[in-house]
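Below is one structure; the comments refer to it alone.
Laboratory data are not the source of any read-out in this text; all were calculated from the coordinates shown. This is a predicted model, so every value here is computed, not measured. Backbone-built Cβ (ideal geometry, glycine too); neighbour counts: all protein chains shown.
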Amino acid sequence: MSVMKKLTLFYDALCPLCQAEIVFLSGRNHAGLLSFVDINSEQYSEKEIGISCQQALASMYAQFEDGTLINGVDVFVAAYQRANLPTLAWLFSRPTLRPVLNVGYRFFAKYRHTISGVLGPPALWLANKKRG
C-alpha cells in the first residue's frame, strides 16, 4: 500500500461555496493529509508557488509536499482521496465523466461568486453544522 503525500489546497476564502468545501474537507482531514491556504492571505506566495493570484482564481490549484502542482478536477480527486471519500474520488476520476466535469468546473470557476452568492450561504451553514 502506498503512502499518500500531503496536499495543500489553495482556495478563495471570499467565495462562500469554496469556504464550505474547505470546511467539509477540514472536518474529514483525520489523517492530516490536507492543508489549506487562502489565496487572499499573507500565507499565499505567488513567487514561492509559481501560480499568480489570477491563475489561482481561474482554477483550483493544489500542491503536493514534493512541490508538484495540480489543478482543476484533479485537485478534487486528490483531496477526496485524502479526506477518505473514496466514492467521490472515484466519480471525479472517471475518464467518461472527465469532459463534463472539466467543463462544469471551468464554468463554476468563472462564475463562482455569482453561483456562490446563491448556493454558498446554505452550503457553508450545512458544512459548519455537520462539523460542529
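Filter the chain for me: DSSP H helices, axial length by Cα at least 15 angstrom, mean Kyte-Doolittle hydropathy not below 0.0. List them by residue number. Write down the numbers at each step before the final one.
Values: long enough: 16-27 (16 Å, 1.13); 98-131 (33 Å, -0.22).
Within the chain the helices that satisfy the rule are 16-27.
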Task: Packing-based exposure ordering (other Cβ within 10 Å, fewest first) of Asp38, Asp12 - done: Asp38, Asp12
Open item on the list: Calculate log10 I(q)/I(0) of the chain for q = 0.09, 0.12, 0.20 Å⁻¹, where I(q) comes from the Debye formula with a single equal point scatterer on each Cα and nothing for solvent.
Closed with: -0.25, -0.45, -1.35
Task: Projected label distance in nm at Val118 and Thr68, using a 7 Å step from Cα toward the beta-carbon - done: 3.8 nm
TODO: Work out the FRET efficiency for Val3 and Val103 from their Cβ-Cβ distance, taking R0 = 35 Å, and round it to the nearest 0.05.
DONE: 0.55
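Plugging the Kirkwood radius over Cα pairs into Stokes-Einstein for the range 1-62, at a temperature of 20 °C and a viscosity of 1.002 mPa s, what D comes out in µm²/s? Provide the component values of the computation, followed by the final result.
On the way: Rh = 12.4 Å.
Taking Rh from Cα pairs, D becomes 173 µm²/s.
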- [ ] Restricting attention to the chain, give the cysteines that have no other cysteine Cβ less than 4.7 angstrom from their Cβ.
- [x] Cys53
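Would you mind ranking Ser35, Ser52 by Cβ crowding within 10 Å, fewest neighbours first?
Details: Ser35 15, Ser52 12.
Taking fewest neighbouring Cβ atoms as first place, the list is Ser52, Ser35.
Distances longer than 11 Å among the Cα atoms of the range 68-109: what percent of all pairs is that? Mind dumping the intermediate values first?
Working: 532 of 861 pairs.
So the portion of pairs separated by more than 11 Å is 62 percent.
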Task: Gaussian network model of the chain, Cα within-10 Å springs - most flexible of Glu42, Glu65, Glu21 - done: Glu42
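For the chain, calculate the relative contact order in percent as a whole number, restricting contacts to Cα pairs under 8 Å that are 6 or more residues apart. Can you show the working numbers first?
Details: 180 pairs, mean separation 45.6, N = 132.
Over the chain, the number comes to 35 percent.
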